[in-house]
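Every number here is computed from the coordinates shown, using simple stated rules; none is lab data. This is a predicted model, so every value here is computed, not measured. Positions of Cβ are generated from backbone atoms using ideal geometry, with glycine treated the same way; all protein chains shown enter the neighbour counts.
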């Protein structure tokens, strides 16, 4: 069964008047098209959800009332393409981290756990790019133990939804649960609330709900494996968890992007950008991919854009001029 991931980013500060988006306003090099001074984004949150096409979310006020309630306040995309419509979840998460699922030493096509034969030695991926630039990052994974390297699935935690454990410069060569550098970047999702209160959140935050809360589902989840109950479960989880993340972002120059890993029945994925400097209520028909997400993160946090995503369109057209 395919998995679908959702990504969520939140921008802090005030919002702008409602507007529709027809074409990109960014230059593609991290500067706004009108040459205005960029607003400083200090924190980016990503929340991936699972296995839902945009048509299953947008307008579905029965199963996803909370998400649909966000659309009038924040910006959303209607042409977010799935680069790998024939593949399952894990390759999509790898793409969210590296802008590709194919490397010289390995091509990711399965949902297998991280291992010596299911990992890559490349250093061309987002987390390492951020580390090199001195930008701290943290993966909050629901269902893991803090300060461990969760290379193996357990309970409702699915390693295939944690892209960082598949890169050996993070997880070790071969990947090991005891790898200190990996453990230092991983926390249980239960720790996030305290970190938000303490103001100790990293510059880049990747949040993965477990299978019962990310719209994927599992036989042991209250929502089972049926689509509509799992959409409802994910929507309910977001309605509880997103407000505190959004409040932090608004107070600390943060941005949140909500997305899904794959479109399931189609190759169109829901995507919502939230926070200050987002064009309020905007609908963007610009073509995006997961590469657009990486490029936008790198531009917002002021790190070099990786070669694998330079040709992607960033999210500048959903933000006020000068945000990047």
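For the range 110-202, build the convex hull from the C-alpha positions and give me its volume per residue in Å³.
Per-residue hull volume (Cα only) is 89 Å³.
Rounded to the nearest 5, what % of DSSP beta bridges with both residues in the chain are antiparallel?
Of the beta bridges lying entirely in the chain, close to 35 percent run antiparallel.
For the range 257-324, I need the span (max minus min coordinate) of the C-alpha atoms along each principal axis, in Å, sorted largest to smallest.
36, 31, 16
Please report, in whole Å, how far the alpha carbons of the range 26-177 spread along each principal axis, starting with the longest.
For the range 26-177, the Cα spread along each principal axis is 46, 43, 32 Å.
How long are the semi-axes of the ellipsoid equivalent to the chain, from square roots of 5 times the Cα gyration tensor eigenvalues, in whole Å, largest first?
Whole-Å semi-axes of the equivalent ellipsoid: 27, 23, 19.
Just to be sure I understand the curve: with the Debye formula and one point per C-alpha of the range 219-299, what is log10 I(q)/I(0) at q = 0.19 Å⁻¹?
Each listed q corresponds, in turn, to -1.07.
Sequence gap at least 6, Cα distance under 8 Å: using those rules, report the relative contact order of the range 250-324 to the nearest whole percent.
About 27 percent, as a whole number.
I'd like the distance between the alpha-carbon centres of the range 60-110 and the range 215-229, rounded to an integer number of Å.
One Cα centre to the other: 19 Å.
Between residue 265 and residue 219, take the C-beta separation as r, use R0 = 30 Å, and let me know the FRET efficiency to the nearest 0.05.
Result of the calculation: an efficiency of 0.90.
Show that you can apply the helix-only estimate: for the chain, add -39,500 (n - 2.57) for every DSSP H stretch of four or more residues, divide by all residues, and state [θ] at 222 nm to the nearest 500.
Computed mean residue ellipticity for the chain: -7000 deg cm²/dmol.
Can you tell me how much longer the chain between residue 190 and residue 42 gets when fully stretched, taken as 0.36 nm per residue apart minus their C-alpha distance, in nm with one decimal?
Residue separation times 0.36 nm, minus the Cα-Cα distance, leaves 51.0 nm.
Pairs of Cα atoms under 8 Å, at least six residues apart: use those to get the relative contact order of the chain, whole percent.
Result for the chain is 39 percent.
If you take the beta carbon distance between residue 117 and residue 154 as r and set R0 to 35 Å, what does 1/(1 + (r/R0)^6) give as a FRET efficiency, to the nearest 0.05?
It comes out at approximately 0.95.
Please compute one quarter of the surface area of the Cα convex hull for the range 36-118 and express it in square nanometres.
8.9
With the chain treated as a Gaussian network of Cα nodes joined by springs under 10 Å, which of 179, 197, 43 yields the largest mean-square fluctuation?
Sorting by GNM fluctuation, first place goes to 197.
What is the calculated FRET efficiency for residue 110 to residue 73, with r their C-beta to C-beta distance and R₀ = 51 Å, to the nearest 0.05?
0.85
Once you've got the GNM for the chain with C-alpha springs shorter than 10 Å, pick whichever of 168, 128, 104 has the biggest mean-square fluctuation.
Among 168, 128, 104, the largest GNM mean-square fluctuation belongs to 104.
Counting only DSSP beta bridges with both residues in the range 111-209, tell me the antiparallel percent, nearest 5.
Percent antiparallel among DSSP bridges in the range 111-209 is about 20.
Among 74, 237, 260, which one shows the biggest mean-square fluctuation in a GNM of the chain, springs joining Cα atoms closer than 10 Å?
237
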